[in-house]
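The values are calculated or read from the model by the stated rules, or taken from the named source; none is laboratory data. Treat the numbers as computed from the prediction; the structure is a model and nothing was measured. Glycine also receives a Cβ, built like all others from the backbone with ideal geometry; neighbour counts cover every protein chain displayed.
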Amino acid sequence: MPQEPIVKCENVKFSYPGQDGYALNGVSFSVQKGEFLSLIGHNGSGKSTLARLINGLLEADEGKITVLGMDVAEGKNVFEIRKHVGIVFQNPDNQTVASIVEDDIAFGPENIGVERGEIGRRIDWALSAVGMSEYRTATPSRLSGGQKQRIAVAGVLAIKPDVLILDESTAMLDPKGRREVIDVVTRLNRDEGMTIILITHFMEEALLADRTIVLNKGEIALEGTPERIFENGEALETFNLSLPKISVICDSLRSAGMEIPNLLKPEELADAIVRNFGSRGITSVQSAPAANKIPDSPHEWDIDIKNLSYTYSKKSPFATKALKGIELHIDDGEFFGIIGHTGSGKSTLVQHLNALIKLPQAEKHYRKPKTKKGTIPPPEPNITIGKFNLADRKTDFKALRASVGMVFQYPEYQLFAETVFADVAFGLKNYNKNVTDKEVEEAVKSSLEIVGLNYEEIKDKSPFDLSGGQKRRVAIAGVIVTKPHILILDEPAAGLDPKGKKEIMELLHKLHKEWCRTVIIVSHDMDEVAENCARAAVISEGRVFACDFCAKLFSRADELRALGLDVPMTAKISARLAKNGIKIYSDFTSADFTAKVIEAFEGGGNA
Amino acid sequence: MLNDVTFGQYYPAQSFVHRLDPRTKLLALIAYIVMLFVANNFYSLFACFFLLCVTVAAARLPLGSVLRSVKGIIFILALTSVLNLFFHGGERLLWQWWKIKIYYEGVIFTIFLMLRLIFLVLGSSVLTLTTTPVSLTDGIESLLKPLKYIKFPVHELALIMSIALRFIPTLIDETNRIISAQKARGADFESGNIFKRIKAIVPILIPLLISAFRRAEELGDAMDARCYSGSKNRTKYKKLHFGGRDIAAFAAFAALIAGVILLNIYAASIFPQIYGYIRLS
């Protein structure tokens, strides 16, 4: 007799009040005990709604949901069901109730009336399950995103649920944090037999599951093992999802005549390429060196940083050194990447570039630090951007900020005005008090249009009524409206689904060509930097670890990994190939890498 | 703007006072404040000061961090002393200008009052410097527990305090981020008259409010999902324990109460020659 499913949805329909159409339109599926299910879909496909329905946070309009045979629609069951189904949400900051880790984890068990001694044991168990035992008395707000999210997982585990739902729990984390959380989840599934429902739009994560369901516009579009799902590359595109990058490379190599199955691990793909080369008798390859695209730079708006150090909360017991002597030069006209972990100092660094953090010499009450006799005083930090000297107190910092645009992480959270027009015009009016209405209108119109929005349609709307992707575009328009020469973006693609990410990156290239001369993106995603930037700097623990063309930078894969940094997927494959005598020198974009491999394959190794 | 907000005043250290149960410290502070007001002469007042000094020494606090708290009440100190100085009557006239008279008794009384206020603030700052806001909340919750029987929502109040504490650093970070972002768009928060400045705050306040509401909603969902259903049938993991230290502290403060009362009664007979000069009328 087949086992009774632990979660069962039958023809579930749900619509949000005040919204047209169904968020979920007739969804049926069931989950078996011990199964690892991944649920993928574009933003707004209804996947988070589904999680809330299963847990009784929302109530379905039609259809039936049962958990362990209990109907969610019956009010008396909800409390019981929540004991069995735990949810970890997206934002790690908004799930903790206490200022001490153990108090927070105790919250769930306290709610269901577990006695004290047992709560203590559950805290021990939950913390060791997420690998955070040594943080029992830590303060959540001082932890990294990945650690915070693992605490949130532990808080849910302490209730001892049978099913763990992760509702885009990795969307706001950096790759390291994402890996930490995913490792915990896969271990729980494997070792503790916990049923997992993983909601995500990272294809790489969806692959880890036993079974995948693709949601599109509130309906189940595809269902099956991850391998089967990713055979439907084109179908996925139409659902606003994208294939994992590695699958794209597999596809193009296959169409060039190589025998490559659908592989999902870079090392396996490298081995498959080696086998293919071997079958043609190619055992050693030395491809042409990658072209370093040095842009023609007029050097009018070069950025030059010297000896930059910075300490937060100076003179307090919590002083932390964020920057320890940064030296960096960025040419006028570059598309530049700044890479590093959360907490590496990269955000602090870019905030210096438009004097949001001023150099000490530029502060009003600056006094030269006294130095002991006989010692050499530490070199003074210095930044110049074009004609601006940021160490000079008399520099026109307002003009500087108008020339160096800065888009913060999740810029849509800064929108405030009543209409899109007013919000975009805000910066322009701040920088130029004498601007005429007509000039404002023209500037707002052209900047909204270049970010891909319809001016007439959107200008009088409230920014809060827009979709997530539109909000981000409006926020970017609000920064570029002053026509800055240099545009800096902190994690421009954070939290977007694959299609949204791709579109934002395309937008940035368009801006680089037509609007701003220099574009600098700050990112923790190595693949994003490798695909988009010509040159990049790696920041690690407040220092520049390396600054070079991507082609050279990522060929140092081993060193980067030793620092605990990830490398682009193409770099992983290249490194493995090189160990087998096949040296492919690409700029680590997947297009260039694939082309080089095919060239070598067809040219018999003498590409 | 909010760069150097280190949350609360807590001064991390390992000391006798730091390790005391928060309830002991709260009760001791109450006893100390009551004694400051019971004291009706300088001897009693200095008995309180003596215990304060012992506590500061036992807490291993840097003197500067304790004294800094006085800075916050300088205005009140100045105001009350000026009022008392000019309006306190007496017998021995020291100085007169037009209708304003200063008496010797007024000076003595003003000094007494200032010391009382300063000791009060110093004592409270010892509590906040040695106790984390979290354990302070635990202490308050535990002390208020008897109020449950008159249907006072003790648990809810404690939860609200705990969540507020938890979100203060998060919201400070958020505020800093929004300020930076609007500054990068040319917003100016530091110049202009008061109306301009108030208007300049709008681009910070609105995003902050929206985000706070969003956070509240998400937190509500997360709490629901973790089976929160009010104080009914709820257990409590953290229990506070009185230890040997606390007994020692109680003994010290019992001694203070006894001392102050005795000094109040017998003050006149200690150094009668001096007492004549420092008597409060």
A:E300: surrounded by fewer than 20 Cβ atoms within 10 Å (Cβ to Cβ) and either touching a residue at least 60 places away in the same chain (Cβ under 8 Å) or under 30 Å from B:S65 (Cβ atoms) (or both), yes or no? yes
Go through (1) without any contact (Cβ under 8 Å) to a residue 24 or more places away in the chain; (2) outside any loop (DSSP other than H, G, I, E, B); (3) within 9 Å of chain A (Cβ to nearest Cβ) and name the single condition B:F195 misses. (3)
Among the residues of region A:456-474, is any modelled with pLDDT under 90, more than 23 Å from A:S403 (Cβ to Cβ) and among the aliphatic types (A, V, I, L, M)? yes
Where in region A:112-197 are there helices (runs of 4 or more DSSP H), lying fully within it, with 2 or more residues that are of a type in the set (A, V, I, L, M, F, W, C) and within 11 Å of chain B (Cβ to nearest Cβ)? A:116-129, A:145-157
Residue among A:A537, A:A546 that alone is within 24 Å of A:H352 (Cα to Cα), among the aliphatic types (A, V, I, L, M) and free of Cβ contacts under 8 Å to residues at least 24 places away in the same chain: A:A546
Restricting attention to region A:340-352, the residues that are among the hydrophobic types (A, V, I, L, M, F, W, C) and surrounded by fewer than 24 Cβ atoms within 10 Å (Cβ to Cβ) number exactly 1
So, in region B:213-247, exactly how many residues are among the aliphatic types (A, V, I, L, M), surrounded by 14 or more Cβ atoms within 10 Å (Cβ to Cβ) and under 27 Å from the mean Cα position of the chain (by Cα)? 1
Anything in region A:393-408 that is facing chain B (nearest Cβ under 8 Å) and either polar (S, T, N, Q) or assigned to a helix (DSSP H, G or I) (or both)? List them, or say none. A:K398, A:R401, A:A402
Kindly indicate which of B:L171, B:L219 is within 7 Å of chain A (Cβ to nearest Cβ) and closer than 30 Å to A:E168 by Cα. B:L219
Can you list the strands (runs of 3 or more DSSP E) lying wholly within region A:2-98 that have 1 or more residues being closer than 22 Å to A:H201 by Cα and touching a strand residue (DSSP E or B) at 6+ places or on another chain (Cβ under 7 Å)? A:7-14, A:24-31, A:36-41, A:85-88
Checklist (1) of a type outside the set (A, V, I, L, M, F, W, C); (2) out of contact with any Ser or Thr (no Cβ under 8 Å at 6 or more places or on another chain); (3) outside any loop (DSSP other than H, G, I, E, B) applied to B:P169, failing item: (2)
Does A:I504 meet the test of being touching a Leu at 6+ places or on another chain (Cβ under 8 Å) and either over 30 Å from A:Y310 (Cα atoms) or crowded, with 18+ Cβ neighbours inside 10 Å (or both)? yes
Test: A:V522 is out of contact with any Gly (no Cβ under 7 Å at 6 or more places or on another chain), over 22 Å from A:V420 (Cα atoms) and either assigned to a strand (DSSP E or B) or modelled with pLDDT of 90 or more (or both): yes
Residue by residue through region B:66-94, note down the ones that are closer than 15 Å to B:F112 by Cβ and in contact (Cβ under 8 Å) with a residue 40 or more places away in the chain. B:L77, B:G90
Of the conditions (1) among the β-branched types (V, I, T); (2) away from chain A (no Cβ under 11 Å); (3) more than 24 Å from A:T139 (Cβ to Cβ), B:I204 fails just one. Which one is it? (2)
Residues located in region A:414-443, provided they are part of a helix (DSSP H, G or I) and away from every other protein chain (no Cβ under 13 Å): A:V420, A:F421, A:D437, A:K438, A:E439, A:V440, A:E441, A:E442, A:A443
Only one of A:T375, A:T311, A:T342 that is within 14 Å of another protein chain (Cβ to nearest Cβ), farther than 30 Å from A:E514 by Cβ and part of a loop (DSSP other than H, G, I, E, B): A:T342
Have a look at A:T283, A:T320 and point out the one that is without any contact (Cβ under 8 Å) to a residue 24 or more places away in the chain, farther than 25 Å from A:A530 by Cα and surrounded by fewer than 16 Cβ atoms within 10 Å (Cβ to Cβ). A:T320
Take the residues of region A:36-57 that are out of contact with any Leu (no Cβ under 9 Å at 6 or more places or on another chain) and not polar (S, T, N, Q): which is surrounded by the most Cβ atoms within 10 Å (Cβ to Cβ)? A:I54
Looking at B:L147, B:L159 in this structure, which one is at the interface with chain A (Cβ under 8 Å from one of its Cβ atoms), of a type in the set (A, V, I, L, M) and in a helix (DSSP H, G or I)? B:L159
Given the condition among the polar types (S, T, N, Q) and more than 16 Å from the chain's Cα centre (by Cα), answer yes or no: does some residue in region B:54-67 qualify? no
Qualifying positions in region A:71-108 - in contact with an Asp or Glu (Cβ under 8 Å, 6 or more places away or on another chain) and either surrounded by fewer than 16 Cβ atoms within 10 Å (Cβ to Cβ) or within 7 Å of another protein chain (Cβ to nearest Cβ) (or both): A:A73, A:R82, A:I87, A:F89, A:N91, A:N94, A:Q95, A:T96, A:V97, A:A98
Over region B:201-212, the set of residues surrounded by fewer than 18 Cβ atoms within 10 Å (Cβ to Cβ) and either more than 21 Å from A:Q90 (Cβ to Cβ) or in contact with a Lys or Arg (Cβ under 6 Å, 6 or more places away or on another chain) (or both) is B:I201, B:V202, B:L205, B:I206
Can you work out which of the residues in region B:162-192 that are farther than 29 Å from A:P484 by Cβ and free of Cβ contacts under 8 Å to residues at least 40 places away in the same chain is surrounded by the fewest Cβ atoms within 10 Å (Cβ to Cβ)? B:A164
Might you check whether a residue that is surrounded by fewer than 19 Cβ atoms within 10 Å (Cβ to Cβ), among the aliphatic types (A, V, I, L, M) and either touching a helix residue (DSSP H, G or I) at 6+ places or on another chain (Cβ under 8 Å) or within 14 Å of chain A (Cβ to nearest Cβ) (or both) occurs anywhere in region B:124-137? no
